[in-house]
Amino acid sequence: MTDQYAVFGNPINHSKSPTIHRQFAEQSGQNLHYAKQLVAVDEFVKCAQDFFAQGGKGLNVTVPFKIDAFSFAQQLTQRAQRAGAVNTLAMQNDGVILGDNTDGIGMVHDMHNLDWELEGKRILILGAGGAVRGILQPLLAEHPELVVIANRTFSKAEELAAHFHDLGDVRAKTFEQLHGDKFDIVINGTSASLSNDLPPLPDNVLNQTACCYDLMYGSEPTVFMKWAQQHGAAKIADGLGMLVGQAAEAFYVWRHIRPEVVPVITMLRRQLAEKK
Ligand code: NDP
């Protein structure tokens, strides 16, 4: 029987996960079926139970179910435990459902693909929501010199810095406190780009060779990417590679094969450009 996989979310129509995983499967000669399923907001557990009871092998989980998936998993990877959220569920050979979070490692792998050095760098992260929580452990595992988290609601940045402080030098700051600081890498992990907004960044936070990364992606550069361009960033990227990277890591969790991400990123980039 063909192995069954799916992505659960609400909304789900926009999801690129089926396209990405079909490409991975084709590329690596794996026989699997990957569907997308719209799940009612209060029905995650029931739908996930049904999916696995019917022999499903693995799920991706997106907004708003990553915390439900965290509770649903019977065993957690370390990075999922740290993130407090799960985007990948896998039925293991022993019948135990494993919960993992591959978002952060997806971003780190994308930065490696882009040839961005993380070790010894000064990194600024804007935002302190679910996505930032997910990227902190994989990012700190790369041994940056310093990670500063700046957030509109300062208490959330403080809470995250405290939660991860045993893994490296992580500090919380308000946007005002960034005046006078310089960074090698700035990551926009806010959802401000969704509403064409820009976090209130001081003008001169970028080092001469700074790299800027927006977790969001689209057919056009985000406001943050335009800001980066205007302020002399040496390299700028959006989160499309992270999306494909998190999928590749989920595919690895399920199939123990690392798919090629570059052709899939290229294909999605072309599709986005055609939508312009
Ligand atoms: P959350 O809702 O959990 O967090 C949103 C964060 O953005 C909070 O820190 C919030 O600050 C901040 N924020 C929102 N609006 C503004 C604004 N106008 N100015 C300043 N700060 C603002 O969202 P997520 O963490 O889940 O997602 C964040 C982004 O990451 C989204 O754009 C999402 O699309 C993207 N993402 C991309 C992925 C990929 O694979 N490429 C994967 C996951 C997420 P406050 O705490 O003060 O409210």
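The values are calculated or read from the model by the stated rules, or taken from the named source; none is laboratory data. Computed from a predicted model, the values in this text were never measured in an experiment. Ideal geometry is used to build each Cβ from the backbone, glycine not excepted, and the neighbour counts take in all protein chains shown. Heavy atoms of the whole protein, side chains included, go into the accessibility calculation; ligands, DNA and RNA do not. Shrake-Rupley method; radii C 1.70, N 1.55, O 1.52, S 1.80 Å.
Numbers below:
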read-out: Those residues of the range 123-169 which are open to solvent by 10 Å² or more (accessible area, probe 1.4 Å) and in a loop (DSSP other than H, G, I, E, B), in sequence order; value: A128, G129, A141, E142, H143, P144, E145, N151, R152, T153, G168, D169
read-out: In the range 58-86, the residues that are buried (at least 18 other Cβ atoms within 10 Å of the Cβ) and closer than 18 Å to S15 by Cβ; value: G58, L59, N60, V61, T62, F65, K66, D68, A69, A85, V86
read-out: Residue count, the range 87-116 (criterion: away from the ligand (no atom under 16 Å from the Cβ) and without any contact (Cβ under 8 Å) to a residue 60 or more places away in the chain); value: 10
read-out: Residue selected from the range 170-182 under the condition over 21 Å from the mean Cα position of the chain (by Cα) and open to solvent by less than 60 Å² (accessible area, probe 1.4 Å), by the criterion nearest to the ligand (Cβ to nearest atom); value: F175
read-out: Flag if V96 is modelled with pLDDT of 95 or more, under 14 Å from the mean Cα position of the chain (by Cα) and open to solvent by less than 60 Å² (accessible area, probe 1.4 Å); value: no
read-out: Residue satisfying condition, being small (G, A, S) and within 13 Å of the ligand (Cβ to nearest atom), within set G84, G58; value: G84
read-out: Scope the range 12-37; condition part of a loop (DSSP other than H, G, I, E, B) and open to solvent by less than 80 Å² (accessible area, probe 1.4 Å); matching residues; value: I12, S15, K16, G29, Q30
read-out: Pair list, Cβ < 6 Å and 6+ apart or interchain, from the range 243-258 residues that are more than 18 Å from V63 (Cα to Cα) to residues that are part of a helix (DSSP H, G or I) and of a type in the set (F, W, Y); value: F251/F24; R258/Y252
read-out: Residue within the range 140-147 that is closer than 22 Å to M216 by Cα, within 16 Å of the ligand (Cβ to nearest atom) and modelled with pLDDT of 95 or more present; value: yes
read-out: Selected residue (only one of A210, A237 is in contact (Cβ under 8 Å) with a residue 12 or more places away in the chain, within 16 Å of the ligand (Cβ to nearest atom) and among the hydrophobic types (A, V, I, L, M, F, W, C)); value: A237
read-out: Residues of the range 240-263 classified as away from the ligand (no atom under 12 Å from the Cβ) and acidic (D, E), total; value: 1
read-out: Qualifying residue in the range 38-49 (condition: in a strand (DSSP E or B) and crowded, with 18+ Cβ neighbours inside 10 Å); value: no
read-out: Residues of the range 128-162 satisfying the condition of being out of contact with any helix residue (DSSP H, G or I) (no Cβ under 8 Å at 6 or more places or on another chain), touching a residue at least 24 places away in the same chain (Cβ under 8 Å) and within 18 Å of A85 (Cα to Cα); value: K156, A157, E159
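Let's see how each residue does on (1) surrounded by fewer than 23 Cβ atoms within 10 Å (Cβ to Cβ); (2) at negative phi; (3) touching a helix residue (DSSP H, G or I) at 6+ places or on another chain (Cβ under 7 Å):
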position	(1), (2), (3)
G189	no, yes, yes
P199	yes, yes, yes
Q208	yes, yes, no
C211	no, yes, no
S219	yes, yes, yes
M225	yes, yes, no
A234	yes, yes, no
A247	no, yes, yes
V253	yes, yes, no
